[in-house]
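Let me begin by presenting the structure, written as structure tokens, before commenting on it.
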Amino acid sequence: MNNLPILLSLLLISSLYLNCIVSAQRYAAIFNFGDSLADAGNLCADGIPAYLATARLPYGMNFFGFPTGRCSDGRIVTDFIAQELGLPLLPPSKAHNATFHRGANFAITGATAMDISFFEGRGLGKNIWNAGSLHTQLKWFDEMKPSICSSPQDCRDLFRRSLFIVGEFGGNDYNAPIFAFRKMDEVHELIPFVVDSISKAVEKLIADGAVELVVPGVLPIGCFPVYLTIFNNEPVKNFGPQSGCLRNFNTLAWAHNSMLQRAILRLRNKYPGVRIIYADFYTPIVQFMLHPEKFGFYKQPPRACCGAAGMGSYNFNLTAKCGDPGATACSDPKTHWNWDGIHLTEASYGHIAKGWLYGPYADPPILSRSSAQ
């Protein structure tokens, strides 16, 4: 019997496996920036504010078994990525008695791409809760460098071997005019400013020595219970017939993501030696909505796993949010894509992380075959 085809198949499988191992070991550290989608506890590092429901159970009920400051029932995207790359979970950058030589998470709940002065100049200062904008987080990063590098060159060597995740940013920027009930035209006017801020942050990190960066887009916010509840009186024509999502909010997210992808293309052309990955939050969530059974989710309207009865069928109530008295979590969060009406479940984050690492939710995937060369 000719065993050559079997041997060739085994060699191919071994080669692909070794490529994955090489890719997983290529990163010395991960440095992450972002908002509540990626906050691993920075907002709680100096004590838990009494108003902070996300620091109470049932947040963190899965995997950790206790609240960690993550806005989910368990792990978030950066946790899954770190684990897949063989790195420890990223400590919050504000954590006390932590070591940051394998990376740090600068993300903090409420973060925006723009500084607070930008919103104050538009009469929106009171409509945003800015706990650390993107460029504030970059300052925190600069302040950390002496504790993880012995010299500027040592930093550049480390950063060349590290993965940088920049975002997502933009969601909270757009929330400022949205929740002030400004016209959507005014909200769309913010997009160029937000995308330019993200682009400048990427360039700053490249100047610091980063050569591999992940830049996520924003979510299809029109599918989230918080928006569907607050804007439930929109005309029927404004809701997608299949998804039930608010079209105008998803159009806003699509416009942001399109402009961000064009900006990334310009940065790739400007920095040909740097690998800049666009990471997609939008597509997987739409797929969770339209084809939930493929991911192990219930087929139902956009409904929060953790919440309290609100207007309509979204299980969301602003006066009894997840973690507040009167709110409860569903019995099995793995069957829901939405956690608290605003954020995602651990199960959702796991699917998204896998799509960023291996495709199809990233361009190119973090562990694409070309990256293992």
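A short reminder: the numbers here are calculations on the coordinates, not readings from a lab. Note that the coordinates shown come from a computational prediction; the quantities given were computed from them, not determined experimentally. Methodologically, a virtual Cβ is constructed for each residue, glycine included, from the backbone with ideal geometry; neighbour enumeration extends over all protein chains shown.
Brief remarks on what is shown
- Charge dipole of region 43-101 (Cα centre as origin; +1 on each Lys and Arg Cβ, -1 on each Asp and Glu Cβ, all else neutral): 120 debye, rounded to the nearest 20.
- With 0.36 nm allotted per residue and the present C-alpha distance subtracted, the Asn127-Lys270 stretch has 47.9 nm of extension available.
- Working note: Karplus 6.51/-1.76/1.60 with θ = phi - 60° gives region 60-66 the couplings x, 5, 9, 6, 7, x, 7 Hz, where Gly and Pro are set to x.
- Taking the helices alone, the chain has a mean residue ellipticity at 222 nm of -12000 deg cm²/dmol, built from -39,500 (n - 2.57) per DSSP H run of at least 4 residues and averaged over all its residues.
- Rounded Å value of the spacing that divides the Cα centres of region 74-89 and region 205-267: 24 Å
- Using a cutoff of 8 angstrom between alpha carbon atoms and counting only pairs six or more residues apart, the relative contact order for the chain works out to 17 percent.
- Gain upon complete extension [Asp154, Phe66; 0.36 nm per residue less C-alpha separation]: 28.0 nm
- P(r) tail fraction, region 79-196 - alpha-carbon pairs more than 24 Å apart, %: 38 percent
- Backbone HN-Hα couplings from phi across region 315-327 [Karplus 6.51/-1.76/1.60, Hz, Gly and Pro as x]: 6, 9, 9, 4, 8, 8, 6, 3, x, 8, x, x, 9
- Projecting the Cα atoms of Cys71, Asn248, Leu260 onto the charge dipole of the chain, computed from C-beta unit charges around the Cα centre, puts Leu260 farthest toward the positive end.
- Each of Ile178, Gln137, Cys155 was scored by the projection of its Cα onto the charge dipole of region 92-210, and the greatest displacement toward the positive side belongs to Cys155; charges sit on the C-beta of Lys, Arg, Asp and Glu.
- Simple spin-label estimate for Asp324 and Phe231 in nanometres, 7 Å along Cα-Cβ: 2.1 nm
- Once both labels are positioned 7 Å from their Cα atoms along Cα-to-Cβ, the gap between Lys139 and Phe181 label points is 3.5 nm.
- Of the Cα atoms belonging to the chain, the radius of gyration and Dmax stand at 20.8, 79 Å.
- Across all Cα atoms of region 192-284, the radius of gyration (one decimal) and Dmax (whole number) stand at 16.3, 50 Å.
- Largest to smallest principal axis extent of the C-alpha atoms in region 36-87, angstrom: 36, 20, 15
- Modelled FRET efficiency - R0 35 Å, Tyr298 with Arg56, Cβ distances, 0.05 increments: 0.90
- With kT/(6 pi eta Rh) evaluated at 4 °C and eta = 1.567 mPa s, and Rh the Kirkwood radius from Cα pairs, region 280-344 diffuses with a coefficient of 108 µm²/s according to Stokes-Einstein.
- Only Lys, Arg, Asp and Glu carry charge here, each on its Cβ (+1 for the first two, -1 for the last two); on that basis the chain has a dipole of about 540 debye about its Cα centre.
- Selection among Tyr271, Ser93, Thr54 by position relative to the dipole of the chain gives Tyr271 as farthest towards the positive end (Cβ unit charges, Cα centre).
- Ranked by how many other beta carbons lie within 10 Å on average, peptides 149-156, 348-355 from highest: 348-355, 149-156
- Ser313-Lys204 pseudo-label distance in nm [points 7 Å out on the Cα-to-Cβ vector]: 4.6 nm
- Between the beta carbons of Asn238 and His188, assuming R0 = 22 Å, the FRET efficiency works out to 0.90 to the nearest 0.05.
- Taking every alpha-carbon pair within region 125-252, the share separated by more than 16 Å comes to 69 percent.
- Contour minus Cα-Cα distance for Ile48 and Thr251 (0.36 nm per residue): 69.5 nm
- In a reduced charge model with +1 at each Lys and Arg Cβ and -1 at each Asp and Glu Cβ, region 111-255 shows a dipole moment near 240 debye about its Cα centre.
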